[in-house]
Amino acid sequence: MEMTPFQPIKSRLEKSALNEAKVKQISTYVTNRQNEDGGYTFAQWTESSAQDTYFALQILQMLGVIPEHREETIRFLQGLQKTDGTYDSMNVAYYCVGGLSNLGAKTRYGATDFVNSLRRQHGGFGILEVDAETSSEFETTYLALSVLETLVEPKPDTVNRFVLGRMNPDGTFGGGSGYSTLASVHFAIASLKLMDYDVRSLNRTLEWLRTPPKAIRATAIRDCFLAERRIRLSSSFDGILSFLSVGVSSTPLILSL
């Protein structure tokens, strides 16, 4: 099965204020954190991870820098998949499939069966309970849809019902009792977009994003910019990627509507 280029962020760096010196500084920072196994780590002299490797490759791609030791990186990412085709988590699958696609490579055992094994009766993927490892009840669904999109595999037509069925009166999504977060709004909108749903029709959501509650406005400058970039800064690589993204667009979550 052919894989589509995995590019969740459209590079428009030519319109940004980055000069050659800054590009060199950032790319050097990233490449210096590549380990002998081909993977990357945001903290030097620690083990490589799928997450940091994915973000490192995305950063280098945005900068137009060809990654070093490509074959070693491919072997590292492929090695994180178990022989039965499974991964430790949907997050790891997302980072591995995305990183391999960035390098023009594929998984060893395919990832479709693993992703589809996470489909649930509610219409989406994964569990609804939010814990320390999951920022939103829609996160696993978004990750699963992204992987299926990359693998050019069909996506379940139950997703729209699952997401829209958890839309709150104020236009936000999820939260159980009606309380939502920017993370949930982001992953809900991103999932609907991957299902080719016309998100421009979500007028209440757009209004909420433009005038969020005061508790959210206190950190809206950072959070709204990061909303389409995984919401939270989970590593320094993620932070660099968010910085580059903010440098080429404004309020990406709002612009997605």
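Each value in this text was obtained by applying a stated rule to the coordinates, not by laboratory testing. Keep in mind it's a predicted model, so treat the numbers as computed, not measured. A quick note on method: Cβ atoms are made from the backbone with ideal geometry, for glycine too, and the neighbour counts reach across all protein chains shown.
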### Query
Kirkwood hydrodynamic radius (Cα pairs, Å) of region 28-140?
14.9
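Would you please give the FRET efficiency between Ala21 and His69, computed as 1/(1 + (r/R0)^6) with r the Cβ-Cβ distance and R0 = 25 Å, to the nearest 0.05?
Values: r = 25 Å, r/R0 = 0.98.
Taking R0 as 25 Å, the efficiency between Ala21 and His69 is 0.55.
Given a Förster radius of 22 Å and the C-beta distance between Arg120 and Asp170 as r, what FRET efficiency does 1/(1 + (r/R0)^6) yield to the nearest 0.05? It would help to have the intermediate numbers written out before the result.
Details: r = 26 Å, r/R0 = 1.18.
Efficiency computed from Cβ-Cβ geometry: 0.25.
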### Message
Going by average Cβ density within 10 Å per residue, which order do the peptides 44-56, 111-123 take, highest to lowest?
### Response
44-56, 111-123
### Query
What are the residues whose amide H is under 5 Å from the amide H of Thr86, where those residues sit 5 or more places off or on another chain and H is modelled from the backbone?
none
### Task
Net charge near Pro67: determine it from the other residues with C-beta under 15 Å of the C-beta of Pro67, scoring Lys and Arg +1 and Asp and Glu -1.
-3
### Message
Can you compute 3J(HN,Hα) from phi for each residue in region 71-83, using the Karplus curve 6.51 cos²θ - 1.76 cosθ + 1.60 with θ = phi - 60°, rounded to whole Hz and x for Gly and Pro?
### Response
5, 5, 5, 4, 5, 4, 5, 5, x, 7, 8, 6, 5
